[in-house]
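What follows is a set of notes on a single structure, which appears directly below.
The values are calculated or read from the model by the stated rules, or taken from the named source; none is laboratory data. Quick caveat: nothing in here was measured; it's all calculated off a predicted structure. For neighbour counting, all protein chains shown are included, and Cβ atoms are generated from backbone atoms with ideal geometry for every residue, glycine included.
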Amino acid sequence: MFLNTLFDPESIVVVGGSNDCSKPGGKVFYNLLKQGFKGRLFAVNPKETLVQGLPCYASTKELPPVSLAIIAVASKYVEEIIRVLAFEKNCKAFILFSAGFSETGDAGKKLEQKCVAIVDEVGGILIGPNCIGIITEKYKGVFAGPIPNYDPMGCDCVSESGATLVYILEMALPRGLKFRDIFSIGNSAQIGIEDLLEYWDQTFNVATSSKIKLLYMEKISDPKRFLKHARSLVNKGCRIAAIKSGSSDAGSRAVSSHTGSLSGSNIAVSALFRKAGVVRCFSRVELVYMAAIFTYPPLRGDHIAVITHAGGPGVMLTDVLIKGGMNVPKIEGPEANELLVQLHEGSSVSNPIDFLATGTADQLGKILDYVENTFDQIDASAVVFGTTGMWKVDDVYQVLHEKIKTSKKPIFPILPSIIQAAEEVSQFHTMGHVNFTDEVSFGYVLSRAYKTHKPFSDPTLPQVDRKKIQQVMNTVPNGYLCPSDIEILFQAANIPMVKQKTVTSVSEATEAAKNLNFPLVMKVNGPVHKSDVGGVKLNIKNSEEVLNTFHNLMQIQGAESVLMQQQKSGMELFIGASREDGYGHLILCGLGGIFVEVFKDIKAALAPVGKEEAMAMIKNLKSYPILKGIRGKEGVKVELIAETIIKLSALLEAAPEIKELDINPLLGNLHSLTAVDARILIKK
């Protein structure tokens with residue numbers, strides 16, 4: 001779909017080109033002229049004869065053939081302009097600045113679709129509408145700035161919001177980030193983020209392609225396609241950071257299960273990113289800082305030396321690193337003492353390494369040499385160095401430059417004095433470096449970058465009895481399954497379930513008690529939340545208690561039957577699943593019982609889930625130490641939890657009709673894991 005004429009056009013026409021650079025058509029024309037476009041440049045404007053010194057055409061019909069059109073006129077004129085350019089002027093590439101399309105309602109959407117249909121008919125490509133343009137090596141086709149210099153190994157960037165793209169660049173360029181191709185895609189009428197990911201994936205060359213991709217998106221139109229190409233790019237060596245705005249599921253939706261209340265499209269987005277190896281960011285600061293960290297090789301370990309001449313920033317950085325799961329190990333011993341005597345009195349090398357406000361460039365160089373060559377326990381260093389304005393720090397930044405170039409261990413420069421050391425920071429950028437300005441933001445982002453897992457591949461799932469599963473799916477209506485059908489599905493997927501029987505009469509209850517070993521659990525069927533209505537009775541020890549309990553449970557409003565189960569013991573766990581539109585099934589796990597909604601210590605992953613991803617879910621739970629066993633209390637064999645998640649993936653693949661599924665509790669110990677209570681909602 002991507003054409004070379006979009007990236008390297010022989011000629012460009014600006015429809016709506018103007019001498020007024022306060023208008024999009026005037027500003028983009030100015031940028032094309034001043035930023036070095038080498039091809040032929042035309043303007044169309046019935047009110048002008050010359051635009052910024054070049055001849056201007058009154059209409060598109062008067063133009064010669066043209067490669068690329070940038071359109072900056074009112075939406076009501078756009079369809080006819082595209083028609084003439086596409087069918088009469090052999091134009092195949094279009095950048096549409098104009099607003100007034102699908103973002104305005106149904107009429108605008110229909111107009112947008114008509115424009116796309118014309119472009120599709122000639123095999124062309126359309127960027128926008130409602131965008132600020134694109135930047136390639138050959139031209140700067142944007143009307144809003146700032147405009148970065150083109151760097152063939154800089155960051156590739158795409159944004160669905162033009163203003164957000166401008167603000168990202170405003171934050172990134174003063175921190176030394178370089179950029180390659182930049183796309184503002186607006187409404188994504190024809191070309192969306194998934195298309196760009198596919199293009200980058202299919203054209204990726206390890207020697208010549210950018211290895212940093214930055215995304216700002218307001219929608220994910222095709223999650224599976226996003227996963228395919230983002231995961232492929234990361235596996236090829238790219239690093240991707242993305243903001244997906246709209247992170248709250250606005251409004252409350254009616255849900256009748258734990259899974260329904262804990263899942264949602266935002267949870268699915270995060271699960272999608274984790275599966276693809278994409279780092280999710282929630283602000284422009286995070287996105288830019290993540291991109292800056294991506295310019296360094298991945299950390300080999302999490303032991304960081306915090307080096308500073310200001311105590312406060314060093315302490316704050318240490319705090320946030322430790323909170324983020326990193327290590328700031330104590331540095332001590334003969335080598336530490338040896339370094340200490342080379343610093344001013346009052347300095348500390350225990351980590352943070354504080355060499356005081358009077359610390360010199362020479363002392364910083366010695367500290368970095370010790371980190372590189374002597375302190376083997378350190379994997380990287382973060383240097384916080386600014387100025388009060390009493391002296392220049394160019395010699396310090398020169399040392400940083402030299403050590404960053406030669407050190408095998410990453411050195412992250414945090415240079416907070418963007419006003420008083422503006423000249424020195426700018427010089428630092430010209431030497432090819434990025435910098436950070438806030439130590440806490442840096443520490444938070446570094447921790448997240450380090451903990452980002454490599455992409456999870458789709459696993460080979462275990463065999464299930466598809467015939468049995470489809471028999472159930474073909475015969476049941478939409479709604480909640482009865483316990484007997486749930487039991488059939490779990491047997492078909494080899495998910496262990498407690499021995500049980502559903503009864504509707506005293507005689508059936510008496511007979512069931514003979515076949516089930518005491519003690520028993522008896523639960524009312526009908527009400528969705530059984531415990532809320534007193535519908536769960538434990539520790540039934542004899543036949544008389546069975547009869548009394550059956551009678552009491554059937555008196556509950558909405559009671560349809562009673563489920564009798566063998567009573568099991570063990571730690572209560574929760575595993576659930578929810579089908580999210582476009583994403584497929586989302587699988588969740590955590591502690592069970594009442595804790596699932598009280599603590600909400602839940603991890604989620606998109607199905608299918610293999611063993612590696614399942615174990616990552618479990619190990620990232622805050623309650624993981626409890627699962628492993630703590631203070632003499634027996635834990636659960638976590639491999640059994642992972643196996644159950646994998647089996648559930650296989651069941652969901654065979655039964656896509658499942659809308660929501662809860663297994664709560666799932667009772668586990670070091671030897672077994674058994675589903676005790678399950679609820680499955682079918683929506684075909």
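In this structure, Tyr450 qualifies as modelled with pLDDT of 95 or more and of a type in the set (Ser, Thr, Tyr). Lys47 meets the conditions (1) in a loop (DSSP other than H, G, I, E, B); (2) surrounded by 17 or more Cβ atoms within 10 Å (Cβ to Cβ) in every case but one. The failed one is (2). Looking at segment 126-179, the strands (runs of 3 or more DSSP E) lying wholly inside it that each contain 1 or more residues that are without any contact (Cβ under 8 Å) to a residue 40 or more places away in the chain sit at 150-159. The residue that is nearest to Gly26 (Cα to Cα), counting only those in segment 46-75 that are free of Cβ contacts under 8 Å to residues at least 40 places away in the same chain and among the hydrophobic types (A, V, I, L, M, F, W, C), is Val51.
Scanning segment 594-602 for residues that are modelled with pLDDT of 90 or more and not assigned by TED's automatic domain parsing to the domain that holds Leu227 turns up at least one hit. The residues of segment 607-627 that are touching a Leu at 6+ places or on another chain (Cβ under 6 Å) and at pLDDT 95 or above, listed by number, are Ala607, Pro608.
Would you please name the residue that is farthest from Lys110 (Cα to Cα), looking only at residues in segment 55-80 that are over 39 Å from the mean Cα position of the chain (by Cα) and surrounded by 15 or more Cβ atoms within 10 Å (Cβ to Cβ)? Only one residue tops the list, namely Cys56. So, Pro477, is that one farther than 30 Å from Ala172 by Cα, at pLDDT 95 or above and assigned to a loop (DSSP other than H, G, I, E, B) or not? When the stated conditions are applied, Pro477 passes them.
Residues that are over 10 Å from Val546 (Cβ atoms) and among the polar types (S, T, N, Q) were ranked within segment 501-514; the one that is surrounded by the fewest Cβ atoms within 10 Å (Cβ to Cβ) is Ser507.
Here's the yes/no breakdown for (1) in the same structural domain as Leu651 (by TED's automatic domain parsing); (2) in contact with a Ser or Thr (Cβ under 6 Å, 6 or more places away or on another chain); (3) crowded, with 21+ Cβ neighbours inside 10 Å:
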position	(1), (2), (3)
Lys499	no, no, no
Leu516	no, no, no
Val528	no, yes, no
Glu544	no, no, no
Met554	no, no, no
Asp581	yes, no, no
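The residues of segment 281-322 that are assigned to a loop (DSSP other than H, G, I, E, B), out of contact with any Cys (no Cβ under 9 Å at 6 or more places or on another chain) and not small (Gly, Ala, Ser), listed by number, are Phe282, Tyr296, Pro297, Pro298, Leu299, Arg300, Asp302, His309.
Taking each residue of segment 609-620 that is within 21 Å of Ala654 (Cα to Cα) and looking for partners that are buried (at least 16 other Cβ atoms within 10 Å of the Cβ) and among the small types (Gly, Ala, Ser) with beta-carbon atoms closer than 6 Å, six or more apart or interchain, yields Val609/Ser649; Lys611/Ala642; Glu613/Ala605; Ala614/Ala642.
Looking at segment 532-543, is at least one residue under 17 Å from Leu652 (Cβ atoms) and at pLDDT below 95? Talk me through it step by step, then tell me what you get.
Kept after step one, since they are under 17 Å from Leu652 (Cβ atoms), are these residues of segment 532-543: none.
No, segment 532-543 contains no residue that is under 17 Å from Leu652 (Cβ atoms) and at pLDDT below 95.
In segment 290-311, of all residues being touching an Asp or Glu at 6+ places or on another chain (Cβ under 9 Å) and under 20 Å from Phe385 (Cβ atoms), the one that is surrounded by the fewest Cβ atoms within 10 Å (Cβ to Cβ) corresponds to Gly311.
Scanning segment 361-402 for residues being in contact (Cβ under 8 Å) with a residue 12 or more places away in the chain and not in a helix (DSSP H, G or I) gives a total of 17. Six or more apart or on different chains, Cβ atoms under 6 Å: show the pairs whose first residue is in segment 637-666 and among the basic types (Lys, Arg) and whose second is assigned to a strand (DSSP E or B). Correct list of pairs: Lys659/Arg579; Lys659/Leu681. Of everything in segment 138-162 that is aliphatic (A, V, I, L, M) and surrounded by 20 or more Cβ atoms within 10 Å (Cβ to Cβ), the residue that is nearest to Ile71 (Cα to Cα) is Val142.
Within segment 403-442, being out of contact with any strand residue (DSSP E or B) (no Cβ under 8 Å at 6 or more places or on another chain), of a type in the set (Ser, Thr, Tyr) and under 26 Å from His303 (Cβ atoms) holds for Thr406, Ser407, Ser441.
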